[in-house]
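Encoded as structure tokens, the structure appears first; notes follow it.
Values in this text are rule-based calculations from the coordinates and carry no lab data. Every value quoted in this text rests on a predicted model; they were computed, and no experiment measured them.
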Amino acid sequence: MTPRPLSEAKDEDMRYALVALERAALRAREIAKQTNTAIVVVENGEIVHIYPANEQITAP
């Protein structure tokens, strides 16, 4: 089975899932910056705390 891009998914919710996740990530970074809170992500199998206070937050 060859994976297809989400933009070709039959389910409408799946087609918009990536956009919704990107929007949620942007909002999480905005809130983290306002509250001086870390965003916790996994990079290369390691847990990383990112403080977005010094980042410019832009939409992907």
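Take the alpha carbon gyration tensor of region 11-54, find the square roots of its eigenvalues, order them as a ≥ b ≥ c, and report rounded if a/c is under 1.5; if not, report prolate when a/b exceeds b/c, else oblate.
Note, shape of region 11-54 comes out oblate.
Database remark: amide H of Ile39 closer than 5 angstrom to the amide H of Ile50, Tyr51 (H placed geometrically; neighbours at sequence offset of 5 or more, or on other chains; Pro and chain starts carry no H).
Full extension of the chain segment joining Arg29 with Asp13 gains 3.4 nm, where the gain is 0.36 nm per residue of separation less the Cα-Cα distance.
Please state the relative contact order of region 11-54 as a whole percent: Cα pairs under 8 Å, 6+ residues apart?
Here the relative contact order equals 29 percent.
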